[in-house]
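The values are calculated or read from the model by the stated rules, or taken from the named source; none is laboratory data. For clarity, every value in this text was computed on a predicted model and none was experimentally measured. A quick note on method: Cβ atoms are made from the backbone with ideal geometry, for glycine too, and the neighbour counts reach across all protein chains shown.
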Amino acid sequence: MQGGDFLFSPPSRKEYTVKIAISSQGDNLDSQVDSRFGRCSYFIIVDSETGEFEAVSNQASGAMGGAGIQSAQTIANKDVKAVITGNVGPNAFQTLKATNIKIYEGASGTLREAIEKYKKGELQEFSDSSVPGHFGMGNY
């Protein structure tokens with residue numbers, strides 16, 4: 001076996017980046033975390049490496065039904081790897097898990113505070129839905 005030129009190209013920093021979606025009441029990092037995943041007003045998609053973010057209006061927030069599934073599909077289409085929220089219902093939980101998106105609970109306060117808690121490992125990963133179906137509609 002003869003040797004030859006071997007070019008090793010390390011992964012770019014972009015490959016180490018994780019996109020995080022946070023359920024939000026507003027469209028910026030100073031907004032409050034919305035405790036409702038499927039019916040939040042916005043999803044803030046944050047680049048964990050650079051801190052850059054995109055505000056995505058949650059089109060499913062006013063849906064008569066299926067808001068959790070529609071919201072989860074929106075997040076999956078944004079190539080998100082983790083979700084931070086207050087609560088997630090069974091349908092959204094199953095949809096997110098099917099796309100290998102991690103779901104973290106215990107988020108409250110501003111989005112900036114939630115991001116810091118995530119980075120410090122202070123948020124718990126959901127192992128199941130935290131509320132019954134239709135929770136966001138006021139059916140507690």
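With the requirement that a residue be surrounded by fewer than 16 Cβ atoms within 10 Å (Cβ to Cβ) and at pLDDT 95 or above, what does region 2-25 give you?
GLN25
So which residues in region 27-61 are part of a strand (DSSP E or B) and not charged (D, E, K, R)?
GLN32, VAL33, TYR42, PHE43, ILE44, ILE45, VAL46, PHE53, ALA55, VAL56, SER57
Do we have any residue at all in region 62-69 that's outside any helix (DSSP H, G or I) and surrounded by 17 or more Cβ atoms within 10 Å (Cβ to Cβ)?
The answer is yes, given that some residue of region 62-69 is outside any helix (DSSP H, G or I) and surrounded by 17 or more Cβ atoms within 10 Å (Cβ to Cβ).
Across region 53-100, which residue is nearest to GLN124 (Cα to Cα) among those that are in contact (Cβ under 8 Å) with a residue 40 or more places away in the chain and aliphatic (A, V, I, L, M)?
ILE84
Do you know which of the residues in region 76-134 that are part of a strand (DSSP E or B) and loosely packed, with under 15 Cβ neighbours inside 10 Å is modelled with the lowest pLDDT?
GLN124
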